[in-house]
Amino acid sequence: MIVRLMGEGQLDVAAEDLPALNSLDDQLESAIESGDEATFRAALHALLENVRKVGTPLPPDSLAPSELILPPADAHIAEVRSMLGDDGLIPD
């Protein structure tokens, strides 16, 4: 799955890594729902760090379409809330 980290580029994430990312996405959704800024920030950073850890960067000139787009680390809670779908940022 090709994932775009806004402001950073694209990474190829293997299907077997998606369950762990979904768990982090669930934590992020809970933090957004509660409005807890500190928990939101920690959950967002954990999700992005995990994507960076398990993903393989694509070349900067890659034209592959992104299947997921994740917000930048400095995104505000309202921005991320507006990006959420029925399944969060990362579909199940």
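The values are calculated or read from the model by the stated rules, or taken from the named source; none is laboratory data. Note that this is a predicted model, so its numbers are computed, not measured. Please note: Cβ atoms are built from the backbone with ideal geometry, for glycine as well, and neighbour counts cover all protein chains shown. Side chains are part of the model used for accessible areas, which takes the heavy atoms of the whole protein and leaves out ligands, DNA and RNA. Shrake-Rupley method; radii C 1.70, N 1.55, O 1.52, S 1.80 Å.
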So Leu68, is it within 10 Å of the chain's Cα centre (by Cα), under 16 Å from Asp87 (Cβ atoms) and at pLDDT 95 or above
no
Can you find a residue in the range 34-44 that is surrounded by fewer than 20 Cβ atoms within 10 Å (Cβ to Cβ), in contact with a Pro (Cβ under 7 Å, 6 or more places away or on another chain), of a type in the set (Gly, Ala, Ser) and on the phi > 0 side of the Ramachandran plot?
no
Members of the range 51-91 that are open to solvent by 90 Å² or more (accessible area, probe 1.4 Å), under 25 Å from Glu16 (Cβ atoms) and in contact (Cβ under 8 Å) with a residue 24 or more places away in the chain
Pro57, Pro65, Glu67
Search the range 1-20 for residues that are surrounded by 14 or more Cβ atoms within 10 Å (Cβ to Cβ) and pair each with any residue that is of a type in the set (S, T, N, Q) and in a strand (DSSP E or B) when their beta-carbon atoms are under 6 Å apart and the residues are at least 6 apart or on different chains.
Ile2/Gln10; Arg4/Gln10; Asp12/Thr56
